[in-house]
1. Any chance region 148-158 includes a residue that's among the polar types (S, T, N, Q), in contact with a Pro (Cβ under 6 Å, 6 or more places away or on another chain) and either open to solvent by 80 Å² or more (accessible area, probe 1.4 Å) or more than 22 Å from Val78 (Cβ to Cβ) (or both)?
2. Can you confirm whether Arg135 is at pLDDT 95 or above, farther than 17 Å from Val60 by Cα and open to solvent by 10 Å² or more (accessible area, probe 1.4 Å)?
3. The conditions are (1) at pLDDT 90 or above; (2) surrounded by 15 or more Cβ atoms within 10 Å (Cβ to Cβ); (3) under 19 Å from Tyr134 (Cβ atoms), and Gly74 fails exactly one of them. Which is it?
4. Filter the helices (runs of 4 or more DSSP H) completely within region 92-170 down to those with at least 3 residues that are of a type in the set (A, V, I, L, M, F, W, C), within 14 Å of the chain's Cα centre (by Cα) and within 18 Å of Tyr9 (Cβ to Cβ).
5. Restricting attention to region 1-34, which residues are without any contact (Cβ under 8 Å) to a residue 40 or more places away in the chain and in contact with a helix residue (DSSP H, G or I) (Cβ under 8 Å, 6 or more places away or on another chain)?
6. If Arg90 satisfies every condition in (1) open to solvent by 30 Å² or more (accessible area, probe 1.4 Å); (2) in contact with a Ser or Thr (Cβ under 7 Å, 6 or more places away or on another chain); (3) within 22 Å of Leu156 (Cα to Cα); (4) not hydrophobic (A, V, I, L, M, F, W, C) but one, which is the exception?
Amino acid sequence: MRGVGFVYYSRTGCTRRLVEKLVLEVRSRGVGVGVHEVRMVKEYSPPLHLNPRLFIDTVVGRRVEIVVEPEYRGFDYVLTVLATPIWFGRPAPAIRQFAEEHRGRGIDVVCIATSAIGRGYVEALRRVLEEYGYRVHACLDAKEDRLEDLHVNTVLRVYRELLESSKAKT
């Protein structure tokens, strides 16, 4: 098993920039990383807040078609970090679809929700992930692409705890 897998969806680039910064910080601490971008097969057109398909997909929870590059296999990692923008108080449909497609595997995750406000939306993501059988160890809010020490320290702490736990079992 490798270190930390980062899985994210980013329509405007904010979540991507946050993940890129976080990956650099985690990698600089000697932890192996893998990065997987979730993409919509049919992406939403701007302006996003006025896009009726985006609204319906997000609020109704309609299935969407996604591609993950490179391919993600959950048990390749000790920990997976799932990052997504929050739209209309809910995770972006692409990440919800990803979570559904990998449900029931008991994947250990830290989740990060990005938004313009930066606070209070991550619980919606936690509920989705727990409903699908993920083991959620921590949830973090992020204001747009602003990386905080809390993000880095939480990912590293959970990774080390899981690593120690797996060593104790063997």
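The values are calculated or read from the model by the stated rules, or taken from the named source; none is laboratory data. Everything quoted here is computed from the prediction, not taken from an experiment. Cβ: placed from backbone, ideal geometry, glycine included. Neighbour counts: every protein chain shown. Areas reflect the complete protein model, heavy atoms only, side chains present, ligands, DNA and RNA absent. Shrake-Rupley method; radii C 1.70, N 1.55, O 1.52, S 1.80 Å.
1. No, the conditions are met nowhere in region 148-158.
2. Here the answer is yes, as Arg135 does meet what is asked.
3. So the condition that Gly74 fails would be (1).
4. Details: elements: 93-101, 122-131, 149-169.
By residue number, 93-101, 122-131.
5. Listed by number, the list holds a single entry, Val33.
6. (3)
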